[in-house]
Amino acid sequence: MSSLDPVLMSRILTGLTLFVHIVLATIGVGIPIMLALAEWRGIRTGDDHYTLLARRWARGYVITVAVGVVTGTAIGLQLSLLWPTFMRVAGKAIALPLFMETFAFFVEAIFLGIYLYTWDRFKNKWTHLLLLIPVAIGSSASAFFITSMNAFMNQPQGFELVDGVFTNVNPFVAMFNPATPTKVSHVLASAFTTSAAALASIAAFSLLRGSRHVYFKKALKLTVVSTFVFAVATVMIGDFSGKFLAKYQPEKLAAAEWHFETMTEAPLIYGGFLDENNEIKYALKIPYALSILAGNSPSTEVIGLNEFPENERPPMSVHYFFDLKVTSGAVIVLIPLLYMFRRKLPGKKPYPKWLLLSILALGPLSMSAIWLGWFLAEIGRQPWIVRGYMKVSDAATTSSSVGWMLVLFILLYLVLSVSAIRVLSQLFRNKSAEEEIRLLGLEIEGGDRK
């Protein structure tokens with residue numbers, strides 16, 4: 001292990017940690033909104049099926065939050081152990097969002113605990129629903145602060161560099177950099193989309209197993225329609241992100257599109273591969289599309305990769321991440337759209353098997369889109385850890401023990417992942433929705449008690 005490159009091992013370990021944590025963080029940000037939607041609809045319509053949805057989703061949410069705390073703590077630990085130069089040089093610039101993220105999590109955790117233990121404790125049901133507001137604000141604020149730190153790494157500002165050290169740091173200017181609006185909004189919208197899609201997959205799975213209770217049909221409608229709304233918002237924000245890249249990180253956009261020559265009327269490249277001479281083979285070229293993405297006009301000039309030194313260009317593999325992410329986004333919009341117009345499609349069944357299978361795929365597909373977006377953002381920033389100021393190779397530890405840390409953390413994540421899956425499956429298997437519906441006396445459609 002001691003002979004392994006510590007920079008490479010540090011990148012792998014950090015990437016693995018974020019790969020695991022981003023699943024839990026995404027759910028942590030998005031589920032409170034879905035809880036609020038379900039409980040709000042239950043109170044507004046008097047339909048206790050929706051209230052039960054919120055109850056059951058909240059139980060699973062607590063498990064993911066608990067595991068997310070562990071992986072989030074691991075990230076904080078690894079920042080200091082694996083990237084000491086980065087923390088020493090840039091620590092003052094990112095200290096504020098790191099501190100505020102912890103505070104935001106405390107708010108979320110405190111009110112989540114109150115929310116969980118006060119079901120049916122208030123005469124006015126709206127009082128209980130209001131407890132979700134600080135939970136949602138806390139989770140979204142956590143995402144804001146952490147994402148603003150990542151935005152700083154992509155678009156650093158608010159400091160002076162003196163003898164390799166960041167001085168005269170203004171943490172507010174550093175935090176509210178040009179990358180923050182698009183990055184934060186995209187992270188929030190995609191988290192809402194993924195959480196709604198994951199819950200839609202669970203409802204579709206129940207219907208595929210033969211459950212025909214109206215409870216699952218209501219769950220399916222609420223989650224699929226929510227997925228569509230959030231997915232459309234995510235796609236729109238993604239368009240703004242493309243325009244941001246064209247202005248502030250043109251090398252990342254150029255690498256994602258294999259765009260080498262600066263030009264107007266630039267085509268968008270989809271698929272294909274590069275040969276040893278950087279010639280594009282077997283790709284679909286959409287005329288003018290890249291210029292339109294960059295500036296809403298075919299006459300927009302898009303900077304090419306040839307304008308940048310070879311040692312400062314992102315890996316060409318980000319092109320595939322970009323293509324797969326865009327494709328996933330389009331499918332995530334299409335499937336809910338088919339559901340909403342299902343009665344106009346051929347066939348007599350209101351929930352055909354192919355449609356339920358498609359909805360079942362929404363959860364894994366949306367989570368894959370999250371991973372792809374993260375790969376595009378982080379690998380597309382290479383070779384920089386702080387763009388224009390510090391390269392990854394200069395920021396990593398020189399310790400020879402990173403390989404053993406990687407092995408230990410792999411074991412930790414395996415234990416956490418397996419334990420979380422087992423606990424969640426047992427949690428809902430021990431008391432099925434149908435059984436809970438019978439116990440609560442919600443057999444009549446519409447939530448009226450017998």
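Look at the Cα gyration tensor of segment 147-306: its axes a ≥ b ≥ c give a/c of at least 1.5 with a/b at or below b/c, and that counts as oblate.
For the residue pairs LYS183/LYS221; LYS243/LYS281; LYS123/LYS353; LYS252/LYS281; LYS125/LYS218, alpha carbon separations beyond 32 Å are given by LYS123/LYS353.
Amide H to amide H, with H built 1.01 Å from N, ILE385 comes under 5 Å of MET390, LYS391, VAL392, counting only residues 5 or more places away or on other chains. Taking only protein heavy atoms and a 1.4 Å probe, the accessible area of segment 145-214 is 64% carbon and sulfur.
Classify segment 352-403 as rounded, prolate or oblate, taking a ≥ b ≥ c as the square roots of the eigenvalues of its Cα gyration tensor: rounded when a/c is under 1.5, otherwise prolate if a/b is larger than b/c and oblate if not. Oblate shape, in that a/c is at least 1.5 and b/c is the bigger or equal ratio. Evaluating 6.51 cos²θ - 1.76 cosθ + 1.60 at θ = phi - 60° for every residue in segment 276-281, the Karplus couplings come out as 5, 9, 6, 8, 8, 10 Hz, glycine and proline recorded as x.
When the Cα positions of ILE303, VAL69, PRO84 are compared along the charge dipole of the chain, VAL69 comes out farthest toward the positive end, with charges on each C-beta of Lys, Arg, Asp and Glu. A simple charge model with +1 on the Cβ of Lys and Arg, -1 on the Cβ of Asp and Glu and nothing else charged puts the dipole of the chain at about 2340 debye relative to its Cα centre. Shape class of segment 1-69 from the alpha-carbon gyration tensor: prolate, with a/c at 1.5 or above and a/b greater than b/c. Of the DSSP H helices in the chain, those with a Cα length along their own long axis of 24 Å or more and a mean Kyte-Doolittle hydropathy reaching 1.6 comprise 402-429.
Residues whose amide H comes within less than 5 Å of that of MET263, counting only those at least five positions distant or on another chain, are VAL302, GLY304 (H built at 1.01 Å from N in the peptide plane). For LEU161, the residues whose amide H sits under 5 Å from its own are THR167, ignoring neighbours fewer than 5 places away on the same chain, with H placed 1.01 Å from N. Taking the helices alone, the chain has a mean residue ellipticity at 222 nm of -23500 deg cm²/dmol, built from -39,500 (n - 2.57) per DSSP H run of at least 4 residues and averaged over all its residues.
Averaged per residue, what accessible area in Å² does segment 178-321 show with a 1.4 Å probe, protein chains only?
Per residue, segment 178-321 has an accessible area of 45 Å².
The values are calculated or read from the model by the stated rules, or taken from the named source; none is laboratory data. From a predicted model like this one, the values you see are computed outputs, not experimental measurements. Cβ sites come from the backbone with ideal geometry, for glycine too, and all protein chains shown count toward neighbours. Side chains are part of the model used for accessible areas, which takes the heavy atoms of the whole protein and leaves out ligands, DNA and RNA. Shrake-Rupley method; radii C 1.70, N 1.55, O 1.52, S 1.80 Å.
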